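Student: Have a look at the structure that comes next, please.
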Amino acid sequence: MADLELSVDDDEVEEAIAPLTTLNAVIGVNYGLLGDNLPSPTKAVSLLKSRNIRATRLFDPNPGALQALSNSGVELILGTLNQDLPQLASDPSFAASWVQTNVLPYSSTIKFRYISAGNEVIPGEFSGNVLPAMQNLKAALESANLPIPVTTAVSTQVLGSSYPPSEGVFSDEAANVMESITQFLASNKSPLLVNVYPYFAYIFNEKYISLDYALFKSSSVVVQDGSLGYMNLFDAIVDAVYSALEKAGGVGVDVVVSETGWPSAGNGDGVATIENAQTYNQNVIKHVSGTSGTPKKPGKSLETYLFALFNEDLKPEGTEQNFGLYHPDMTEVYHVDFPSNRPLSPSSPKSTPPKATNAIGINYGLLGNNLPAPPAVVGLIKSRNITRVRLFEPRADVLSALTNSGIEVVLGTLNQDLQRLATDPAFATQWVQTNVVPYAGTLAFKYISAGNEVIPGDLAIHVPQAIVNLDAAVKAANYKIPITTAVATSVLGNSYPPSAGEFSAAVAPVIGPIVAFLEQNQYPLLVNVYPYFTYINNLKDIHLDYALFQSPNVVVQDGPLGYMNLFDAIVDSVYSALEKAGGPNVEIIVTESGWPSAQNGDIATVENARIYNQNLVVHACTSGTPKRPYRNIQSYVFALFNENQKPVGTEQNFGLYQPDTSEVYHIDFTTCQS
């Protein structure tokens, strides 16, 4: 256990704009055909390809456009004509004919991302036809053996409320239709296509919305919604739709932004200008290309289609004719840069909110001369439905007691063995043969930790090679057990705000190779997280409620992310450090966290310890952190027992149990039962 300074200052937030290039971004352009002077489809598709635009959307199945897209490598959202919806809904044979005519002939040469049953007809006279049309199209596609998701495209007029985003809900007029469609999408794991236009939201609310907020130019949070901070209107609109979907039973339904853009002329009010259109579209590309996501759904790119490829002269006069990136003669209205990477396929994994899992374990320390026998301890652990345990050393009697128990084990090496493990591969092999192989058939090893909290320090230099040698020994024994190490937050040189977290210069030569190894092998980093120590070293700046998971509001605002508890802030500061050290995909396992129940006045009390650990269990099993919201925080409470051979003071009072197995206080672990 080590201290971490996290002062709460009024530091400036950083602008939350993602980098332009990404491996996962799907950035497309709407290819509209409402013009009598547009270039041929062949030229239009060549233009798309020349700009590295790898996905497009058609509003109707134009044969010339479909033929031009064949073998182009440009993926496609294909829409049906709105006027076809009644027949698609009422006549399954018409839906089958539609698929046989407009999809099947091109299915081997075009990657169809989605089929959209109409565009922006909800609410309206066709709205009741949308779901049965979707159902008939899906059945027709399945009959043709074409696994293409079916959905529909809606405008934000389906919302009855959108402010703040968490209050997003479908309107009374649209609710019945949208709830049924949401259930269809959820059961088929298909997204909802949404047309998102901050331009229109802004021009109808100029009194309340700033132009910078609409153009992605705000330098700080504009709308605070609970723990989430919004720096741009686009995210706020998207998250309002996500909130509406959740209320309609579509928690796992993704949003695809099927249209967004800004007109370059046609309003004469200084808003619809070339400069603003260029600013908006370039910023939206940057924003959705990265993995910033939205405050409600961070950590992934957002599939988005700009509106539109061309200015179209058969659209209504005014701004509607001026959303194009290009004039019909294929000269640019203005220039924007597109990412050069390939888009994801529609079958890519989707992020879903976390659900309760057995994410909680317990540290089983042995620094006591009056502790129960290992079989009794294992019986106690099982009686509390705790399915994971951490051992700091490979004691044979404890490992034997754990065999056939169903309890997963994080097994540590003694710190004093690190030098030999690093310098002598034969010793690493012997260690594995002695402490892992005899038990591997009856005991599930979750991770092996090369030491505990030795970075920084005299033994730190040995950790990277000890990890490598242990990994080689485990693999030579034909086992797949991740090898890692456990660190205290003293490895950080900076931790506030969480986005500024970075490893200290002193540990960089050691932590760098470790992070590279973990990233390469997809192993996690074990981190010991103690808000208690952070709090007692910063009583002036940190509130007890923030340390105990009891703050009702955001305490630390870090760009678009709001922190309501110190635990999350600490974890996310380590995630930021990992990213800066080249480990953006390294997961954090919280191998120790707890609160002492005695020996520090009115801070280390039984009540505070109970509150902290109960809240930790609930939080770790049901939530992520603001930076990593889509994964439970696998955590190990410290510790099972009060241990009388630890240093006198709070160190002897972190246990949930006395050595006689009576409870110091009670916490409920059933929160973590799946």
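The values are calculated or read from the model by the stated rules, or taken from the named source; none is laboratory data. None of these values were measured; they are calculated from a predicted model. Using ideal geometry, Cβ is built from the backbone for each residue, glycine included, and neighbour counts are taken over all protein chains shown. Each accessible area value is taken on the protein alone, full model and side chains, heavy atoms only, with ligands, DNA and RNA left out. Shrake-Rupley method; radii C 1.70, N 1.55, O 1.52, S 1.80 Å.
Student: Accessible area of the chain with a 1.4 Å probe: how many percent of it is carbon plus sulfur?
Tutor: 48
Student: Straight-line reach from residue 300: which lysines have a Cα under 23 Å away, not including same-chain ones fewer than 8 places off?
Tutor: Excluding near neighbours in sequence, the set is 111, 189, 217, 247, 286, 350, 355, 580, 627.
Student: Which order do 109, 434 take when ranked by solvent-accessible area (1.4 Å probe, heavy atoms of all protein chains), largest first?
Tutor: 434, 109
Student: Still on this structure, I have one more. Just from its helices, what would the mean residue ellipticity at 222 nm be for the chain, if runs of 4 or more DSSP H residues each count -39500 (n - 2.57) and the sum is divided by every residue, rounded to the nearest 500 deg cm²/dmol?
Tutor: That comes out to -9500 deg cm²/dmol.
Student: I would also like to ask the following. Taking the solvent-accessible surface of protein heavy atoms with a 1.4 Å probe, what is the per residue accessible area of region 48-152 in Å²?
Tutor: 38
Student: For region 596-649, what size does the Cα cloud have along each of its three principal axes, sorted from largest down, in whole Å?
Tutor: Result, largest extent first: 40, 23, 16 Å.
Student: Compute, for residue 300, the solvent-accessible surface of its heavy atoms (probe 1.4 Å) with the complete set of protein chains present, and express it in square angstrom to the nearest 10.
Tutor: 40
Student: Let me ask something else. Measure out, as a whole number of angstrom, how far apart the alpha-carbon centroids of region 129-194 and region 445-467 sit.
Tutor: 51
Student: Aspartates and glutamates within cross-link reach of residue 49: Cα-Cα under 16 Å, excluding same-chain residues under 8 positions apart?
Tutor: Excluding near neighbours in sequence, the set is 75, 332, 337.
Student: Please list 660, 60, 572 in order of solvent-accessible area, largest first, computed with a 1.4 Å probe with all protein chains present.
Tutor: Greatest to least solvent exposure: 660, 60, 572.
Student: Based on the Cβ-Cβ distance of residue 100 and residue 330, what FRET efficiency does E = 1/(1 + (r/R0)^6) give at R0 = 30 Å, to the nearest 0.05?
Tutor: 0.35
Student: Aspartates and glutamates near residue 475 by alpha-carbon distance under 18 Å, same-chain residues fewer than 8 away left out - which ones?
Tutor: 424, 519
Student: Ok, one more. Which entry in (i) 88, 52, 46; (ii) 123, 76, 66; (iii) 129, 55, 48 matches Cα extents along the principal axes in Å derived from the coordinates of this structure?
Tutor: Read-out from the structure maps to (i).
Student: Could you report the accessible area of residue 335 in Å², rounded to 10, computed with a 1.4 Å probe on the protein chains as they sit in the structure?
Tutor: Number for this one is 80 Å².
Student: What is the calculated FRET efficiency for residue 376 to residue 188, with r their C-beta to C-beta distance and R₀ = 60 Å, to the nearest 0.05?
Tutor: According to the calculation, E is roughly 0.70.
Student: I'd like to verify something in the chain: which complete DSSP H helices, judged by Cα projection on the helix axis, reach 18 Å or more and average at least -1.0 on the Kyte-Doolittle scale?
Tutor: 127-143, 172-188, 233-247, 274-289, 463-476, 508-521, 566-580, 606-622
Student: What number, in percent, do you get for the relative contact order of the chain if the mean sequence gap of Cα pairs under 8 Å and at least 6 apart is divided by its residue count?
Tutor: 14
Student: Further, regarding this structure: To the nearest 10 square angstrom, what accessible area does residue 243 show with a 1.4 Å probe?
Tutor: Taking all protein chains as shown, residue 243 has close to 0 Å².
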